[in-house]
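Reviewing the structure listed below.
Read-outs throughout are calculated quantities, based only on the coordinates presented, and are distinct from any laboratory measurement. Note that the coordinates shown come from a computational prediction; the quantities given were computed from them, not determined experimentally. Heads up, the Cβs are rebuilt from the backbone with ideal geometry, glycines too, and the neighbour counts pull from every protein chain shown.
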Amino acid sequence: MRNLSHTFGRFVVYNLLWLFPLTSCQNTQEYDVLLKDFKIHSPNNAVSSNEGSDFWIAVQDGKIAEIIDINQQTILPKAKTELSLDGQHLYPGFIDAHGHLFGYAEMLTMVNLVGAQSKEECLERIEKFIELHPNNEWIIGRGWDQNDWPVKEFPTSEDLAAFSGVKIYLTRIDGHAAWVNQTVLDAFNITTETTIDGGAIIEGVLVDNAEQLVELPEHSSRFWRNALLQAQDSLVKYGLTAMTDAGLSTKKILILDSLQNEGKFGLVVNAMISNTEEDLSYFESHGPILKELLRVKSVKAYLDGALGSRGALLRAPYHDLPEHYGLPLLAPSDLDLLRDRCLENDWQLCVHAIGDSAHHVLLESFNELDREKDLRFRVEHAQIMTPEDSAYYTHPNIVASVQPTHATSDMYWAEERLGHHRIGHAYSYKRILNASGLLALGTDFPIEHIDPLNTFFAAVDRTDKQHWPEGGFNADQKLTPKEALEGMTYGAAYSAFGEEQYGSIKIGQRANFTVLNQDLFNSAERQRESCKVVKTILSGKVAFETK
Ligand SMILES: [Zn+2]
Ligand SMILES: [Zn+2]
C-alpha cells in the first residue's frame, strides 16, 4: 500500500541516505557532470545550504549519482565536465502540474490577444497578423478577455465585419468561448436558430459546447513538431523541466512520443488522455505508455466550464446573472461510469471542476474510492468550494491540482460572479492543503503565462505584479514559500506518479534543476521584479542559460 503518509514517511530515509554520502571508494569513479558552487534549496527535504555546508552534485547518465557535502568528505569526486553555478540558487527542476503543451505551442503560431486592453486593440492585432499572413484561409487567435476592456461586454461577429475574406476564430482567455466572424457562422450553418446542449451562441460568441459547432482545420504532424520545439525553448527559458498536459488526443500524444524518442524533446511529460471514446478505446487496446520522459496513464474529463464565461456550475445562481447556475458538461451518473472505467483500466482520473456544485459532485464521487489502493484521482482547478467540502481532501486518493495565478487573475471580477459571501470560499488553496497535506501547482498555460515564478509569487503573496491588493487577496489562503515550492516540484511530480523519478534533489532522481538568482525562502532577499531563471538543467545538461 502506498498512501500519502507513507510517501512522506520515506523522506526521512532518503534524507539520512544523502546527508551521509556514499563511501569514498565510489569517488574514484569519474562522473559525467559535477555541479559546483551553488546554494541548494530542496523544499521537501528541508535542507538549505548555509555558511557551514557546501554541496556538489554528481550526475551520471542524466541522474543524480551523488550529493557530496564537501566539508565532510576528504576525497572529492572527478567528472568529465564541471559546471560552476557561480554561487546561485539551485532548486529541483520546476514542474507545471497542469498546462496545455499543444495549446501553448499552437498559440506561439497564432494571433495573440492576451493583454489587449480593448476590443479595438484586438482588431488592430488581427489586422497586423493578416498583413503578415496574407495567404491564410483561417485566422486563429487566442487570449481575448472582455473583462480587461473599458466596456466589459462580449464582442460580436459584427465587430469582425472588415475581415470577411477569411475565417476568423478567436478563443477567449479561458478557452471556454470563441469569437467568430460571419464567414465562419455561414460556413458551419450556425444561425440564430441553432441550439446545442451545454453551450450557447451569443451574437457570434460560441460558449462551451457551442465551440464544437466549428471544425477547425487540422494541423499536420510537421506543423506540430516545429511548434513543440518552439514551445520547448520557451518552457526551459522559464525554468520548467516537466509538466502534465491536461488532455491530449492519441494523435498528439504519439507526435510528442516520437519527438522524445528522437531525443529532441527533453522535458518529462505526463500526458492525460482526452475523454473521447476514440482515445479511451485506443489506450484500452494498446495499454498505457510508461517511459522515462512520457507517462500516459490518466484521463482528463470536464464537469463544468469556467467562471469568467459563467460556465462554472454553482450551487446557487450567479450573483450577476439571476437564475443562471452555469453549464454542466457531464452528468453525475456519467462521471461515476467514467470513474469505474478508469478503475478497471488502472487509469488515474483527472476532472476539471470549478464551480462549488461541480466540485461537490466530483468529491462525492471520488470519496467512494478505495483508500487502501494508490489511485491519486485528481481534481483540476478546485476553484470554488463550500467550506465543509474541504474535509473530502483528507481522502488519500483525492489530489488537488490548482493554479495560484487563476486567483490573482480572477480576483478583479470574481466577486461580481460569486457575490461577497462566496468569494471567501474561492481559490482556498491553504484550506485544501491543510486537509490533504499535498498540492500540485500549475498555471493552466496558455490560459495563464507559463512562468512558474508567477505561480510562486501568486501563491505566497496573493497579489498581482503591482503588489495589489495590499496584504493579498483572501490573504488567509496564502501558502508559505516551502509549501509553494513543494507544490511546484514534489507535489506536481506526485500528482503524475512521478515523485520517484523527478521533483526532488535526491540520489537516483533525474538531474533536472532550476537555478535562480534568488533565495525564495528568504523574504528579505526575495524580490518579484528581479527574480530570474539563470540556468535550466535537464538530465544534467544546460538546456537554458542567461547570457
Ligand atoms: Zn480546465
Ligand atoms: Zn486546463
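Here are some notes:
- Residues with amide H under 5 Å from that of THR244, placed H, sequence gap 5 or more: ASP96, ALA97, HIS98, GLY99, ASN270
- GLU416/HIS449 FRET efficiency (R0 25 Å; Cβ-Cβ; nearest 0.05): 0.60
- The angle between the Cα long axis of helix 332-345 and the longest principal axis of the Cα atoms of the chain comes to about 40 degrees, rounded to the nearest 10.
- The protection proxy used here, the mean number of other Cβ atoms lying within 10 Å of each residue, ranks peptides 218-226, 250-258 as follows, highest first: 250-258, 218-226.
- This model, with +1 at the C-beta of Lys and Arg and -1 at the C-beta of Asp and Glu, gives segment 226-506 a dipole about its Cα centre of some 560 debye.
- For segment 407-489, the equivalent ellipsoid derived from the Cα gyration tensor has semi-axes of 19, 16, 12 Å, listed largest first.
- Cα-centred dipole magnitude for the chain, charges only on beta-carbon of K, R (+1) and D, E (-1), debye, nearest 20: 1780
- Principal-axis tilt of helix 277-286 within the chain, Cα atoms, nearest 10 degrees: 30
- Rg/Rh (Cα only; Kirkwood hydrodynamic radius) as it applies to segment 307-452: 0.96
- The angle between the Cα long axis of helix 414-423 and the longest principal axis of the Cα atoms of the chain comes to about 70 degrees, rounded to the nearest 10.
- FRET efficiency, GLU127 to THR394 (Cβ-Cβ, R0 60 Å, nearest 0.05): 0.65
- Over the chain, the ratio between the Cα radius of gyration and 2.2 N^0.38 Å evaluates to 0.98.
- Between segment 495-519 and segment 245-282, the Cα center-to-center distance that results, in Å: 22
- In plain terms, the chain from GLU364 to HIS467 could stretch by 33.4 nm, reckoned as 0.36 nm per residue minus the Cα-Cα distance.
- Computed over segment 437-547, Cα set: Rg, Dmax in Å: 14.6, 43
- Segment 252-312: equivalent-ellipsoid semi-axes (sqrt of 5 x gyration tensor eigenvalues, Cα, Å): 26, 16, 9
- Unsatisfied cross-links (Cα-Cα over 18 Å) in the set LYS264/LYS541; LYS478/LYS535; LYS80/LYS541; LYS78/LYS264; LYS430/LYS465: LYS478/LYS535; LYS78/LYS264; LYS430/LYS465
- Amide hydrogen proximity for LEU329: with H placed 1.01 Å from N in the peptide plane, the residues at 5 or more positions away or on another chain lying under 5 Å are ASP304.
- Radius 10 Å from Cβ of GLY99, net charge of other residues (Lys, Arg +1; Asp, Glu -1): -4
- Altogether, the Stokes-Einstein calculation at 25 °C and 0.890 mPa s, with the Kirkwood radius of segment 175-312 over Cα pairs as Rh, returns a diffusion coefficient of 143 µm²/s.
- Protection-proxy order for peptides 146-156, 162-172, each taking the mean of Cβ atoms within 10 Å per residue, highest first: 162-172, 146-156
- Farthest towards the positive end of the charge dipole of the chain, among the residues LEU485, SER333, GLN182, is the Cα of LEU485, using unit charges on the Cβ of Lys, Arg, Asp and Glu.
- Taking Lys and Arg as +1 and Asp and Glu as -1, the other residues whose beta-carbon sits under 12 Å from that of TYR502 total +1.
- Distance in nm between pseudo-label sites at ILE289 and ALA187 (7 Å out along the Cβ direction from Cα): 2.9
- Note on THR386 and ALA162: their simple-model spin labels are 5.0 nm apart, each label 7 Å out from Cα toward Cβ.
- Note that segment 82-88 has calculated 3J(HN,Hα) couplings of 10, 10, 8, 9, 6, x, 7 Hz, one per residue in order, obtained from phi through the Karplus relation 6.51 cos²θ - 1.76 cosθ + 1.60 (θ = phi - 60°); glycine and proline are x.
- For segment 354-397 versus segment 141-168, the spacing of their alpha-carbon centroids is 37 Å.
- Relative contact order of the chain, taken over Cα pairs closer than 8 Å and 6 or more residues apart, is 16 percent.
- The DSSP beta bridges internal to the chain are antiparallel in roughly 45% of cases.
- Protection proxy ranking of 75-84, 380-389 - average other beta-carbon atoms within 10 Å, highest first: 380-389, 75-84
- Rounded to two decimals, the Cα radius of gyration of segment 226-506 over 2.2 N^0.38 Å is 0.97.
- Think of the chain as having a plus end and a minus end, set by charges on the Cβ of Lys, Arg, Asp and Glu; of SER504, ALA475, GLN260, SER504 sits farthest toward the positive end of this dipole.
- Ranking LEU363, LEU35, ALA210 by Cα position along the charge dipole of the chain, where only Lys, Arg, Asp and Glu carry charges on their C-beta atoms, puts LEU35 farthest toward the positive end.
- Interchain or long-range residues, amide H under 5 Å from TYR31's placed H: LYS78, ALA79, LYS80
- Put a dot 7 Å past the Cα of ASN434, heading toward its Cβ, do the same for GLU218, and the two dots end up 5.1 nm apart.
- Gain upon complete extension [ASN71, SER118; 0.36 nm per residue less C-alpha separation]: 11.0 nm
- Cα centroids of segment 451-467 and segment 197-236: 28 Å apart.
- The chain, helix-only ellipticity at 222 nm - DSSP H runs n ≥ 4, -39,500 (n - 2.57), divided by all residues, nearest 500: -8500 deg cm²/dmol
- Computed log10 I(q)/I(0) for segment 101-213 at 0.10, 0.12, 0.20 Å⁻¹: -0.26, -0.38, -1.11, from the Debye equation with unit scatterers placed on every C-alpha and solvent omitted.
- Ordered by the count of other Cβ atoms within 10 Å of each Cβ, fewest first, LEU108, LEU235, LEU280 give LEU108, LEU280, LEU235.
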